[in-house]
Amino acid sequence: MKHTFYQVFKKPFFGRFMKPWRWPEGIEQSQWQPRHVTSESGATLSTLMALAHTSTAKGAVLMVHPMGTIAKGFWLKHGHAELLRQAGYHVMVFDLNGFGESTSTTMDYPLDVLAAGDLLQAEFPDLPIAVLGASMGASMSVCAMSHATHPFKAAVIEAAFPTLLHFWSRYPIPKLGIQFSKLLYPKGERSLRPSLAAQNLVGSPEMLLIYGDDDIYTPIKDGKLLFNELQKKTATQFWQVKNAKHTLAYSAQPEQYATKVVSFLDDHLASKTNHSFTQHNAF
């Protein structure tokens, strides 16, 4: 009954994006190994993992997708996953519940991020773990890092909204749904509020925030609101990307993005590696 309610409640928000998942064109599927993990949201999450292309790995990165029918395929299609693998990082992509191949349950998306992060850490227990998220995935990753058990040592957060209403206020029905949720289930709404999670951040993971100056959905001013909260709790960088639309910083400035993101991960993950790690047959 609970899940049925949420499936109805989700439709104005995500209904048009919850479609059967397909592999992006041109991706070598044999390099990606499927895994499934159960989230405390009640969902069975679909994940794909791939090893770094280098002989040793610096760490592992969980990639949390934005809204879209492509779901976890976003990171494969736009090249982020390959960038990190070439740079020496194992990667895992996954579908948030209700998207792609994952089952649909509640809107407790931070719990999905935690479940996937724990799975990645279990696969590579000797390596530090980071999270890279975009839009919805970025926002839910910030919320996940307010949980005491999160495994993340660093985070790259692109186009995160500070609150649900900052993103959804331009859409009348979702806006109304959020306003009702604040009255009927305030705890649930608060659990999905990145600006509040920033105040309760656990473990002080270093943050790189990325916002495009052509982003009409999560504009620079919204990013600054979240930045102001995060920097009170941890070392936080803010990168404003020229000519970048929503979630497309890598496409807009590929060389700068590669340098900025890989350098950030190298600084804050590679330094935390417990010992030299040689690739093994993890899959």
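The values are calculated or read from the model by the stated rules, or taken from the named source; none is laboratory data. Note that this is a predicted model, so its numbers are computed, not measured. Virtual Cβ from ideal backbone geometry, glycine too; neighbours counted across all protein chains shown.
For this structure, a couple of remarks:
- Number of residues in the stretch 43-75 that are of a type in the set (A, V, I, L, M, F, W, C) and not in a loop (DSSP other than H, G, I, E, B): the value is 12.
- Checking Leu176, Leu208, Leu165, Leu225 one by one, the residue that is in contact with a strand residue (DSSP E or B) (Cβ under 7 Å, 6 or more places away or on another chain) and either in a helix (DSSP H, G or I) or touching a residue at least 24 places away in the same chain (Cβ under 8 Å) (or both) is Leu208 and no other.
- Residue pairs whose Cβ atoms lie under 9 Å apart, separated by 6 or more positions or on different chains, with the first residue in the stretch 120-132 and among the aromatic types (Phe, Trp, Tyr) and the second surrounded by fewer than 24 Cβ atoms within 10 Å (Cβ to Cβ) and modelled with pLDDT under 95, are Phe124/Phe277; Phe124/Ala282.
- Filter result for Pro194 (modelled with pLDDT of 95 or more, surrounded by fewer than 19 Cβ atoms within 10 Å (Cβ to Cβ) and within 19 Å of the chain's Cα centre (by Cα)): no
- When the residues of the stretch 198-225 are filtered to those that are out of contact with any His (no Cβ under 8 Å at 6 or more places or on another chain) and within 19 Å of His65 (Cα to Cα), the one that is surrounded by the most Cβ atoms within 10 Å (Cβ to Cβ) is Ile210.
- Of all the criteria given as (1) surrounded by fewer than 18 Cβ atoms within 10 Å (Cβ to Cβ); (2) of a type in the set (D, E, K, R); (3) within 17 Å of Val93 (Cα to Cα), the one not satisfied by Lys182 is (3).
- Candidate set: the stretch 62-76, residues that are touching a strand residue (DSSP E or B) at 6+ places or on another chain (Cβ under 9 Å) and of a type in the set (A, V, I, L, M); chosen: the one surrounded by the most Cβ atoms within 10 Å (Cβ to Cβ): Val64
- Filtering the stretch 35-61 to residues that are in contact with a Ser or Thr (Cβ under 7 Å, 6 or more places away or on another chain), loosely packed, with under 15 Cβ neighbours inside 10 Å and not polar (S, T, N, Q) leaves only His36.
- When the test is whether a residue is surrounded by 24 or more Cβ atoms within 10 Å (Cβ to Cβ) and either among the basic types (Lys, Arg) or over 10 Å from Ser41 (Cβ atoms) (or both), Leu84 passes it.
- Among the residues making up the stretch 92-131, those that are surrounded by fewer than 24 Cβ atoms within 10 Å (Cβ to Cβ), among the small types (Gly, Ala, Ser) and not in a loop (DSSP other than H, G, I, E, B) are Ala115, Ala122.
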